[in-house]
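Asker: Quick one: the structure is below, and I'll ask about it shortly.
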Amino acid sequence: MIELLNVNKTFNGNVKAVDNLNLVIPNGEIFGFLGPNGAGKTTTIKIITGILNADSGSVRVNGIDIKEEPLAVKRSIGFVPDTPNMFLRLKGIEYLNFMADMYDVSTADRKERLQYLAERFGMADVLHDKIQSYSHGMRQKIVIMGVLIHNPSVWIMDEPMTGLDPRSSFILKEMMREHADQGNTVFFSTHVLDVAEKVCDRVAIIDKGRILFNGTIEEMKEHFNRNESLEKMFLELTDSEK
Amino acid sequence: MKNKTLNLAMILLKNGSGLGFKGSSTATKVMMIVLFAIAIPSMMGGVGAFTMFLMEPLMVIGQQGLVLTWGIGITSAAVFVFGIFYIISTFYFSSDVEYLLPLPLKPRQIVGAKFLVVTVFEYIFAAMIFIPIWITYGIRISMGPLYYLYGLVLLILMPIVPLALASLLSMIIMRFTNLNRYKDAFKIIGGLFAMFLGLGINMMMQSMSMNLSPEKLSELLQQGQNSLIGALPSIFPTAGWAGQALVHSGSLKGLMYFAVCIGFSAAVFAGLLALGQLIYLKGVVGLSETGSRRRGHGLEEIDKGVEKGSVITTYTLVELKLLFRTPIYFLNCVIINFLWPVFLLFPFLVRNEEVDMLAEISKAINQSDAGGIILAVFFALALFVSGSNGIAASAISREGQELYVKKYLPVSYKDQLIAKLLSALTLSYVAIVTMVIVGIVLFKIPVTTGVLVLLTGWLPVLFMCLSGLLIDLYNPKLDWDNEQKAVKQNINVLYSIIIGMGLAAASIIPVVAFKWSITVTLPILCGAFLALDLMLYNVLKTVGVRRFGNIDG
């Protein structure tokens with residue numbers, strides 16, 4: 001479960017990236033975070049994952065405040081950043097082993113997860129190659145595998161579909177559903193409204209650091225009082241802010 | 001339509017982040033300015049004073065013009081040696097290459113623009129050596145205004161010929177190393193090859209200048225009138241011509257040499273562009289790709305060697321793997337630890353009379369009371385080497401834009417800093433081991449002293465690692481587009497070298513001045529460094545950890 005309470009973040013003294021943000025994402029739910037470029041999605045995600053400190057407000061993951069116990073919070077999160085270009089000179093297997101050590105995964109558990117993930121993502125043949133030799137999509141997959149190796153109770157992704165082929169993207173969506181159904185939280189940002197519409201239990205639309213809407217797609221349709229595509233509603237919402 | 005080469009050069013210059021002043025705190029900026037305000041004028045003053053010192057005897061024999069030729073020759077050689085790496089990293093390893101290749105630019109335009117960028121950076125370097133020599137000579141000989149005008153133009157031209165030679169070598173090496181899937185390994189071998197070639201050419205130049213026959217030399221000397229300028233061979237012919245142009249700036253002869261210099265530099269630049277047009281693309285296209293084996297391990301084999309390890313050990317090993325596997329880091333931070341002893345011994349090994357010096361030194365070393373000095377010298381070398389490898393002083397900078405990854409890992413900042421410290425400590429300690437081996441084999445230092453150095457040498461190394469890491473925490477250079485900028489164009493490494501040199505002097509001076517024996521030197525130096533290490537470690541785990549948390553990832 002993720003709870004954000006009155007979270008604020010300002011850059012360079014005057015650019016308000018996150019403006020009094022309140023969000024609660026319960027367990028067992030896939031939550032889509034939508035918004036135009038520069039809306040504050042990545043900043044919010046960086047605050048939840050401990051990459052950035054909020055100026056004020058509190059962030060709690062599974063009831064633990066990130067300011068009080070940052071390591072406990074980080075241990076329960078698995079984070080997939082928007083650019084997968086990291087540790088390029090390590091081999092895939094070395095990266096996964098590194099992540100497993102960082103998240104304190106036992107030898108037996110990591111071997112079991114490794115087999116499962118490699119098979120699921122079709123990566124078994126390339127794990128002994130350097131990540132540098134991978135395509136963008138394969139890099140994205142190795143980062144996702146590195147995150148899932150400790151089976152996090154909160155799985156956060158920033159634009160996870162970028163660069164994935166249709167098959168991998170389908171598998172990822174399937175895995176998101178399974179992860180949420182096991183009682184975990186799945187939170188991801190995306191531009192692809194179609195994906196949000198198909199997989200998310202709930203969505204929030206953010207623009208200029210503020211939440212404009214938070215609820216199910218059905219609720220959004222009710223809110224607009226007509227049966228329109230998410231794209232149209234999204235454009236209308238974010239446009240009225242300008 | 002504006003010239004595309006110049007346009008591109010301007011954009012590349014604007015896009016570069018220089019030495020890393022951007023984003024530093026005001027206090028850091030002030031500190032840097034003060035440091036430069038002291039260091040640069042004192043260095044230039046030193047060169048000027050040395051020029052005066054050299055000129056007096058040369059004036060007696062009418063060969064004072066030699067200081068100009070030497071000055072330009074040394075500047076060119078320095079630009080060449082330092083330029084090779086700079087050229088390779090700018091031409092080939094800079095991430096902007098991938099954005100430039102798809103643009104409708106001719107290879108010679110990319111080569112030209114990148115060459116100009118490197119040239120501009122080399123001006124700082126060339127100016128520091130050449131200006132004091134040029135001005136000192138001008139004032140001492142009371143040269144006319146044309147001398148100063150020529151000098152200014154020649155300074156602008158100066159880096160072109162040596163950098164063109166460096167570019168030529170780099171382009172040829174890269175053309176043939178961009179061959180197969182072991183690209184990183186080839187880059188390393190290519191880089192090492194270029195480095196040794198640079199050193200070799202320098203040595204060749206030295207021996208060439210020694211080869212002038214005594215008769216010829218005395219004949220030239222008797223002529224006076226700066227006759228030696230034209231006689232000294234050099235791989236940079238511009239050095240001799242520029243010297244002639246300056247010395248004879250008042251006459252037609254000077255004008256002719258000046259015109260020759262301009263013409264030759266322009267021709268070299270044009271030749272470089274033509275060569276770039278021919279071979280640059282072959283060396284650079286596909287450079288960022290890495291081959292893979294796709295051996296098809298199969299599911300049953302993939303988890304071979306997958307075992308749980310401790311967080312700090314795994315983190316340290318990954319730091320070391322990245323240092324070894326990234327060509328720029330390997331050449332600048334790793335290999336240097338093995339090469340320092342070789343560099344330091346170079347002057348002793350190449351000349352005959354100095355091999356006797358080696359014997360003299362080992363005789364001096366083996367005197368019963370020399371133990372204190374040996375230990376102090378090893379401490380000083382350890383300080384210098386572990387400061388100049390820049391591993392600790394670039395530990396945060398090397399993370400670059402990916403620093404945020406380290407922020408979300410569930411590993412305390414203290415543990416992460418300790419792992420970074422351990423990787424720097426391990427590699428720097430290797431330098432001590434190589435130096436002790438060289439000391440025992442060549443200088444015949446007593447084995448017991450060698451063992452003593454191995455047991456205590458980690459103390460000064462730890463100090464350099466701690467101080468380097470703290471410096472980098474306060475002024476990390478994270479905004480870079482090629483790894484060279486993280487380690488070579490990083491002011492933090494320079495700070496670390498300065499601290500290392502200062503402390504090296506502080507370790508040796510009292511031991512020599514008060515003739516401390518080993519029984520006095522050992523407890524004093526070890527005690528002092530232990531105290532310093534403990535103090536800095538405490539700073540690292542409190543202030544340093546806080547600082548790491550506050551760097552925006």
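Asker: What average number of partner chain Cβ atoms lie no more than 10 Å from the Cβ of the residues making up A:42-53? Write out the running numbers ahead of the final one.
Answerer: Numbers: counts 0, 0, 0, 1, 5, 0, 1, 5, 7, 8, 4, 4.
Average per residue, whole number: 3.
Asker: At a 10 angstrom cut-off on C-beta neighbours, averaged per residue, how do the peptides B:49-61, A:195-207 rank from highest to lowest? Don't jump to the answer; show the numbers that get you there.
Answerer: Values: B:49-61: 14.2, A:195-207: 20.2.
So the peptides B:49-61, A:195-207, ranked by packing, come out A:195-207, B:49-61.
Asker: Leaving out ligands, DNA and RNA, calculate the buried accessible area for the pair A and B with a 1.4 Å probe, summed over both sides, in Å² to the nearest 100.
Answerer: Numbers: alone 11620 and 26730 Å², together 34130 Å².
Adding both sides of the contact gives about 4200 Å².
Asker: Now, a different point. Ignoring solvent entirely, what values of log10 I(q)/I(0) come out of the Debye formula for segment B:309-553 at 0.10, 0.17 Å⁻¹ when each Cα is a single scatterer?
Answerer: Reported log10 I(q)/I(0), two decimals: -0.49, -1.22.
Asker: Less than 10 Å Cβ to Cβ from residue A:131, Lys/Arg counted +1 and Asp/Glu -1: what total charge do the surrounding residues give? Spell out each step's value before the answer.
Answerer: Working: positive: A:89, A:91, A:130, A:139; negative: A:94, A:129.
Value of the local net charge: +2.
Asker: If packing is taken as the average count of other Cβ atoms within 10 Å, what order do B:388-398, B:522-532, B:487-497 fall into, highest mean first? Display every interim value, and only then the final one.
Answerer: On the way: B:388-398: 28.6, B:522-532: 15.9, B:487-497: 23.3.
Top to bottom by mean Cβ count within 10 Å: B:388-398, B:487-497, B:522-532.
Asker: State the extension gain, in nm to one decimal, for the chain segment bounded by residue B:14 and residue B:267, taking 0.36 nm per residue of separation less the distance between their alpha-carbons. Walk me through the numbers before you get to the answer.
Answerer: Values: separation 253, 0.36 × 253 = 91.08 nm, distance 2.75 nm.
Here the answer is 88.3 nm.
Asker: Further question on the same structure: Label points 7 Å out from Cα along the Cβ direction at residue B:156 and residue B:519: separation in nm?
Answerer: 6.9
Asker: Classify segment B:474-553 as rounded, prolate or oblate, taking a ≥ b ≥ c as the square roots of the eigenvalues of its Cα gyration tensor: rounded when a/c is under 1.5, otherwise prolate if a/b is larger than b/c and oblate if not.
Answerer: On the way: a/c = 4.68, a/b = 1.84, b/c = 2.54.
The shape class here is oblate.
Asker: Taking every DSSP beta bridge with both residues inside chain A, roughly what % is antiparallel (nearest 5)? Intermediate results must be reported in sequence, preceding the final value.
Answerer: Numbers: 20 of 38 bridges.
Around 55 percent of the beta bridges assigned by DSSP in chain A are antiparallel ones.
Asker: For peptide A:92-104, how many partner chain Cβ atoms fall within 10 Å of a residue's Cβ, on average? If you can, show how the numbers build up before the last one.
Answerer: Details: counts 2, 6, 6, 1, 3, 8, 8, 2, 5, 12, 11, 4, 5.
Taking all residues of A:92-104 together, the mean is 6.
Asker: May I ask you to compute the full-extension gain from residue B:101 to residue B:7, defined as 0.36 nm times their residue separation minus their alpha-carbon distance, rounded to one decimal in nm? Could you put the intermediate results ahead of the total?
Answerer: Working: separation 94, 0.36 × 94 = 33.84 nm, distance 1.58 nm.
My answer for the length gained is 32.3 nm.
Asker: Going by average Cβ density within 10 Å per residue, which order do the peptides B:464-472, A:99-107 take, highest to lowest? The partial results should precede the final answer.
Answerer: On the way: B:464-472: 26.6, A:99-107: 19.4.
So the order, starting with the most tightly packed, is B:464-472, A:99-107.
Asker: Just to be sure I understand the model, the point goes 7 Å from the Cα along the line to the Cβ. What's the resulting residue B:479 to residue A:222 distance in nm?
Answerer: 4.8
Asker: Consider a paramagnetic label point 7 Å from the Cα of residue B:414 along Cα→Cβ; state which residues of segment A:35-50 have an amide N under 18 Å from it.
Answerer: Nothing falls inside the zone, counting backbone N under 18 Å.
Asker: As an exercise, use a Förster radius of 56 Å and the Cβ-Cβ distance of residue A:11 and residue B:256 to find the FRET efficiency, rounded to the nearest 0.05. Could the numbers behind the result be given before it?
Answerer: On the way: r = 61 Å, r/R0 = 1.08.
Rounded to the nearest 0.05, the efficiency is 0.40.
Asker: Quick one: if the Förster radius is 22 Å, what FRET efficiency do residue B:498 and residue B:531 give, using the C-beta to C-beta distance and rounding to 0.05? Present the calculation step by step, with values, prior to reporting the outcome.
Answerer: Numbers: r = 21 Å, r/R0 = 0.97.
Efficiency, from the Cβ-Cβ distance: 0.55.
Asker: How big is the dipole moment of chain A about its Cα centre under a simple scheme where the beta carbon of each Lys and Arg is +1, that of each Asp and Glu is -1, and everything else is neutral? Debye, nearest 20, please.
Answerer: Its charge dipole is roughly 580 debye.
Asker: With +1 on each Lys and Arg Cβ and -1 on each Asp and Glu Cβ, how big is the dipole of segment B:309-553 about its Cα centre, in debye rounded to the nearest 20? Present the calculation step by step, with values, prior to reporting the outcome.
Answerer: Values: 17 positive and 15 negative charges, 90 e Å.
That gives segment B:309-553 a dipole magnitude of about 440 debye.
Asker: For segment A:170-242 and segment B:474-528, what is the separation of their C-alpha centers, rounded to whole Å?
Answerer: Computed from Cα coordinates, the inter-centre distance equals 56 Å.
Asker: Then there is this: Compute the orientation-averaged projected area for segment B:60-127 from the convex hull of its Cα atoms and round it to one decimal in nm².
Answerer: Details: hull surface 22.6 nm².
The number I arrive at for segment B:60-127 is 5.7 nm².
Asker: Could you work out the mean count of beta carbons from other protein chains within 10 Å of each residue's beta carbon in B:394-403? Display every interim value, and only then the final one.
Answerer: Values: counts 0, 0, 0, 0, 0, 1, 0, 3, 6, 1.
Across the residues of B:394-403, the mean count of other-chain Cβ atoms within 10 Å is 1.
Asker: So the label point goes 7 Å from the Cα of residue A:229 along Cα→C-beta, right? Which residues of segment A:171-202 then have their backbone N under 17 Å from it?
Answerer: Zone members listed by number: A:191-199.
Asker: How high is the FRET efficiency from residue A:20 to residue B:312, r the C-beta distance, R0 45 Å, rounded to 0.05? Walk me through the numbers before you get to the answer.
Answerer: Numbers: r = 40 Å, r/R0 = 0.89.
Efficiency, from the Cβ-Cβ distance: 0.65.
Asker: According to a simple spin-label model (label point 7 Å from Cα along Cα-to-Cβ), what is the distance in nm between residue B:512 and residue B:444?
Answerer: Distance between the two pseudo-spin positions: 2.3 nm.
Asker: I would also like to ask the following. Sort out for me the Cα centre separation of segment B:59-102 from segment A:6-52, rounded to whole Å.
Answerer: Answer, in whole Å: 49.
The values are calculated or read from the model by the stated rules, or taken from the named source; none is laboratory data. Computed from a predicted structure; not experimentally measured. No Cβ is skipped: glycine too gets one built from the backbone with ideal geometry, and neighbour counts run over all protein chains shown. Accessible surface is based on the protein model in full, side chains and every heavy atom, while ligands, DNA and RNA are left aside. Shrake-Rupley method; radii C 1.70, N 1.55, O 1.52, S 1.80 Å.
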